[in-house]
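S.K.: Here it is, the structure, as structure tokens.
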Amino acid sequence: MLIAFFQLLSFTPQDYGAIENYIPYEFSSYSTHPVLTLKTILHVVYRTKNDPRNIMADNMDFINQQYQWVNNSYKNLKPPTLLPENKVIHYVPDSRIRFRLDTILIHYDSIAWDRIYYGIAMNGSFPLKIDSINLEKNEVKLIGRWESVLNSRGDSLSIGGSNKNNGVYHPLSIYSRENNTYIVMKEPLKSKDSSGHITYFRKIDKNCWKDNWEKLAGSDKNAIHIFYTGATSSQPAFGCGPSPYFLNLSKLNLNGDYASASLTAHELGHCLGLRHTNYPQFNDLPARDKFGFIPCDSTTTSNNIMGYNKCRNYLSPKQIGFIHQKYSNDTALIRTTANGEFNPLNNVKIKWNKTWNKATVISGHLIIKPGRTLTIKKMVSMAKGANIYLCRKSKLIVDGTVITNNHGEKWGTIVLCKSYRKKNRKPYRKIIYGKIIYKNGGALKNHTN
């Protein structure tokens, strides 16, 4: 059993182009639809050194298995069990979304560890001042009618600020008479001294709070920070992914291993901007999706990763396209990806005349073959040190957009060459040099030369 919570992410609408352009269909080129790799930092938060109550950070078998299962759930998607109203099967076998573990950090902090607990209520009219104490009746008198409020706040009360009666008490009865409230306690009161105040214990839910991200990660926005924490509350494992920069996962040490990976995959989906599927975010999803950690079926319950089902092995094409769209266009979110790290295995070669109408993140060199033209109409984000090779008679048209680096680094330069094989040699005549043409304010930014 596990519980997932979600705070709605707010994204500013922008003209990123149609989501459909970003969907990585089975036969989509990896040049234009690359694998999106998110960098993650794992924070294992222990209650204390002697009483950690959490997964041990050196349990790499568990941690590696978690990442393997999560990545597999995004890589090997299954067809949908529950169809949208038009009964069309919308299916992409691989989301081309992966999560990479970069660092594991250990923290000993009981406050950061405890995500849901019961604390003394100090809000509104509470705590209430004690008017008098009757030791014979073991009774506390309060001014005002508080019977219904206190009866609805659980079975424990706290007295504080008293000379001798401080402590936790359990009421045997609470009743009102005239404009006063009387509380008969189970535990004996020690003094008739009426100094002090009384209040109840309220549930404090920090599952979705950002305090751990601020305190333990310094509000870093260069990766997704995953916090393994705990809770003194008695509920089962739970989590929350309220931000593109952090998520919380609590009590995984008391949860099934695969169930923990399922919870993680779900919360990461929230981090990436996906909502629950009980009300569809996109029109390729079912109109309704029954929740309750129940088996998926073809009538009421989907197998969507963002649902509350026991399958969680499907994402719709538009869910996937939405993520790729955001992480190809949003310059802040691009920094959380590993796609800005140069890798020559990911060189992009333009062998035919092409027009790119979607933003693209390139982690290798961009090579425009002899005589070919590439027209770019949406932002291209280049990796640090990656070059653009303009072979003889080739053209690069930058139309109303930029070629840049969005990882706080600089990409390489424009290289005029005979061919990529002869990249160190320019064509023998300038008239056949490759050309860059700028239209409608197109520009190159954040490059070395």
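S.K.: Once phi is turned into ³J(HN,Hα) by the Karplus curve 6.51 cos²θ - 1.76 cosθ + 1.60 with θ = phi - 60°, what whole-Hz value does each residue of the stretch 434-449 show in order, with x for glycine and proline?
M.R.: Rounded to whole hertz, the list is x, 10, 10, 10, 9, 10, 6, x, x, 7, 9, 9, 6, 10, 7, 8.
S.K.: Considering only 26, 136, 147, give the residue with the highest GNM mean-square fluctuation for the chain, with springs between Cα atoms whenever their separation is below 10 Å.
M.R.: Checking each option, the largest mean-square fluctuation is seen for 136.
S.K.: Under a 5 Å amide H to amide H cut-off, with H placed in plane at 1.01 Å, what residues pair with residue 180 once short-range neighbours are removed?
M.R.: Sorted by chain and number, the residues that satisfy this are 144.
S.K.: Through the Karplus equation 6.51 cos²θ - 1.76 cosθ + 1.60, θ set to phi - 60°, convert the phi angles of the stretch 304-315 into ³J(HN,Hα) values in whole Hz; use x for Gly and Pro.
M.R.: Each residue of the stretch 304-315 in turn: 6, 4, 8, x, 10, 9, 8, 9, 6, 9, 9, 10 Hz.
S.K.: How much length, in nm to one decimal, is gained on full extension between residue 204 and residue 258, taken as 0.36 nm per residue of separation minus their Cα-Cα distance?
M.R.: On the way: separation 54, 0.36 × 54 = 19.44 nm, distance 2.81 nm.
Difference between extended and current length: 16.6 nm.
S.K.: Rg to Rh ratio, the chain, alpha-carbon atoms and Kirkwood radius?
M.R.: Here Rg/Rh amounts to 1.14.
S.K.: What is the sum of charges around residue 301, taking Lys and Arg as +1, Asp and Glu as -1, for the other residues whose C-beta is under 12 Å from the C-beta of residue 301?
M.R.: My count for the surroundings of residue 301 gives +2.
S.K.: Same structure again: Cross-link candidates for residue 75: which aspartates and glutamates have Cα within less than 17 Å, leaving aside residues fewer than 8 places away along the same chain?
M.R.: 26, 94, 267
S.K.: Next up: Which value in deg cm²/dmol, rounded to the nearest 500, describes the helix-derived mean residue ellipticity at 222 nm for the chain, given -39,500 (n - 2.57) per DSSP H run of n ≥ 4 and division by the residue count?
M.R.: Details: 7 runs with 64 residues, N = 449.
Theoretical 222 nm ellipticity from helices: -4000 deg cm²/dmol.
S.K.: Which are the unpartnered cysteines of the chain, meaning those with no other cysteine Cβ under 4.7 Å from their Cβ?
M.R.: For the chain, the answer is 271, 391, 417, because their Cβ atoms have no other cysteine Cβ under 4.7 Å.
S.K.: Okay, moving on. Given a Förster distance of 41 Å, report the FRET efficiency between residue 78 and residue 143 from their Cβ-Cβ distance, rounded to the nearest 0.05. Each step should come with its number before you reach the end.
M.R.: On the way: r = 63 Å, r/R0 = 1.54.
For residue 78 and residue 143, the calculated efficiency is 0.05.
S.K.: Can you grab the distance from the C-alpha centre of the stretch 378-446 to the C-alpha centre of the stretch 171-240, Å, no decimals?
M.R.: One Cα centre to the other: 59 Å.
S.K.: To continue, here is another question. Report, by chain and number, residues whose modeled amide H sits under 5 Å from the one on residue 194, excluding near sequence neighbours (fewer than 5 apart, same chain).
M.R.: none
S.K.: Next question. Using a Gaussian network model of the chain whose springs link C-alpha atoms within less than 10 Å, name the residue from 165, 303, 353 with the highest mean-square fluctuation.
M.R.: Fluctuation is largest for 165.
S.K.: Name the residues whose placed amide hydrogens come within less than 5 Å of the amide hydrogen of residue 435, ignoring near sequence neighbours (fewer than 5 apart) on the same chain.
M.R.: 394, 395, 396
S.K.: Which percent, to the nearest 5, of DSSP beta bridges fully inside the chain are antiparallel? Don't jump to the answer; show the numbers that get you there.
M.R.: Numbers: 34 of 92 bridges.
About 35 percent, rounded to the nearest 5.
S.K.: Also, I was wondering about something else. Given charges of +1 on the Cβ of Lys and Arg and -1 on the Cβ of Asp and Glu, with all other atoms neutral, how large is the dipole of the chain about its Cα centre, in debye to the nearest 20?
M.R.: With only Lys, Arg, Asp and Glu charged at Cβ, the dipole is about 3260 debye.
S.K.: Report relative contact order for the chain in percent, whole number only (criteria: Cα-Cα under 8 Å, sequence separation at least 6).
M.R.: 16
S.K.: Same structure, new question: Once phi is turned into θ = phi - 60°, what whole-Hz ³J(HN,Hα) does the Karplus curve with 6.51, -1.76 and 1.60 give for every residue of the stretch 183-192, x standing for Gly and Pro?
M.R.: Each residue's phi maps through the Karplus curve to give 10, 8, 8, 6, 7, x, 6, 9, 8, 7 Hz.
S.K.: Let me ask another. Give me 322, 291 sorted ascending by neighbouring Cβ count inside 10 Å, so fewest comes first. Can you show the working numbers first?
M.R.: On the way: 322 22, 291 16.
Sorted ascending by nearby Cβ count, the order is 291, 322.
S.K.: Distance between Cα centroids, the stretch 289-332 to the stretch 350-367: provide it in whole Å.
M.R.: 29
S.K.: Let me ask something else. Taking K and R as +1 and D and E as -1, what net charge do the other residues with C-beta under 10 Å from the C-beta of residue 189 add up to?
M.R.: That works out to +1.
Since every read-out is calculated from the coordinates, none of them should be taken as a lab result. Since the model is a prediction, treat every value here as computed from it, not as a measurement. Neighbour counts run over all protein chains shown; Cβ positions are idealised from the backbone, glycine included.
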